[in-house]
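Here the structure comes first, spelled out in structure tokens, and everything after it is commentary.
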Amino acid sequence: MEDIKNIIESLLFVADAPLSVDRLKQILNMADGKEIRLALEALTTEYETRKGGIYISEVAGGHQIRTRPAYSEWIKRLLKPNPVRLSQPALETLAIIAYKQPIIRADIEHLRGVDCGGVLRMLMEKKLVKVLGRKEIPGRPLIYATTKQFLAVFDLKDLKALPTANEIEAMGKRSETTEASTPLPFKVTE
């Protein structure tokens, strides 16, 4: 396929979610993903060399065309987006699920020390958390994990990209010493 790079670029442009190599193989009806990977690398290099307003990001198990964070102010003026609003309890619950998944509600509540049923429902409504199934123990409780939407919202390639405890501690120390910090992809509500 001669135009594979242009076709992939077009698909990335119109897709509303990151496209994996496997998904691109299905769409392009190809058995091997090597040519797709080479085209993705070439596109990524072209976008990085150009240093324009958009780039190709490997996020949530796939690739996606994204706008550069440096231009977010102007994009917000145009789109006027409603930021994802997460309360402190929701952030705590989401962090526990992200780091301890797969996890059942009883374990989350044990770690938080409070009931989290409402928070879990809200996180599932926002498509940040999903049910994987049921645990084979008495009562067969639901098992929770994060979603690809979670990875996309927090700009993570995969769960291995979550910050370690040491990195989180270093970020906390940096934010105490500096007044201006990087804006979060969500808004914390009290």
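The values are calculated or read from the model by the stated rules, or taken from the named source; none is laboratory data. The model shown is predicted, which means the values in this text are computed figures rather than measured ones. Methodologically, a virtual Cβ is constructed for each residue, glycine included, from the backbone with ideal geometry; neighbour enumeration extends over all protein chains shown.
Of all residues in region 47-87, which are in a strand (DSSP E or B), among the small types (Gly, Ala, Ser) and farther than 26 Å from Met122 by Cα?
Step one: filter region 47-87 for residues in a strand (DSSP E or B), giving 54-59, 62-67, 84-87.
Okay, now just the ones that are also among the small types (Gly, Ala, Ser), so 57, 62, 87.
Passing the criteria: only Ser57.
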**Any pair with Cβ under 8 angstrom, 6 or more apart, that starts in region 32-54 at a residue that is closer than 14 Å to Ser20 by Cα and ends at one that is modelled with pLDDT of 90 or more and in a strand (DSSP E or B)** = Leu40/Ile56; Leu40/His63
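Restricting attention to region 125-136, report how many residues are more than 13 Å from Arg105 (Cα to Cα) and free of Cβ contacts under 8 Å to residues at least 12 places away in the same chain.
First pass over region 125-136, keeping only residues more than 13 Å from Arg105 (Cα to Cα): 125-128, 136.
Still in the running and free of Cβ contacts under 8 Å to residues at least 12 places away in the same chain: 125, 136.
Of the residues in region 125-136, 2 are more than 13 Å from Arg105 (Cα to Cα) and free of Cβ contacts under 8 Å to residues at least 12 places away in the same chain.
Assess whether Val59 counts as being surrounded by fewer than 19 Cβ atoms within 10 Å (Cβ to Cβ) and either among the basic types (Lys, Arg) or touching a residue at least 40 places away in the same chain (Cβ under 8 Å) (or both). Talk me through it step by step, then tell me what you get.
Values: surrounded by fewer than 19 Cβ atoms within 10 Å (Cβ to Cβ): no; either among the basic types (Lys, Arg) or touching a residue at least 40 places away in the same chain (Cβ under 8 Å) (or both): yes.
Against the criterion (surrounded by fewer than 19 Cβ atoms within 10 Å (Cβ to Cβ) and either among the basic types (Lys, Arg) or touching a residue at least 40 places away in the same chain (Cβ under 8 Å) (or both)), Val59 does not qualify.
Only one of Gln88, Gln149 is in contact (Cβ under 8 Å) with a residue 60 or more places away in the chain and surrounded by fewer than 15 Cβ atoms within 10 Å (Cβ to Cβ); which? So that I can check it myself, show each step before the final result.
Values: Gln149 fails: surrounded by fewer than 15 Cβ atoms within 10 Å (Cβ to Cβ).
Checking each option against the conditions leaves just Gln88.
Among the residues of region 87-117, which ones are β-branched (Val, Ile, Thr) and under 12 Å from Thr146 (Cα atoms)? Even if it seems obvious, please write down each step before you answer.
Here is the first cut: in region 87-117, the ones β-branched (Val, Ile, Thr) are 93, 96-97, 103-104, 108, 114.
The answer is Thr93, Ile96, Ile97, Ile103.
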**Request:** Give me a count of the residues in region 17-41 that are among the polar types (S, T, N, Q), over 21 Å from the mean Cα position of the chain (by Cα) and in a loop (DSSP other than H, G, I, E, B).
**Result:** 1
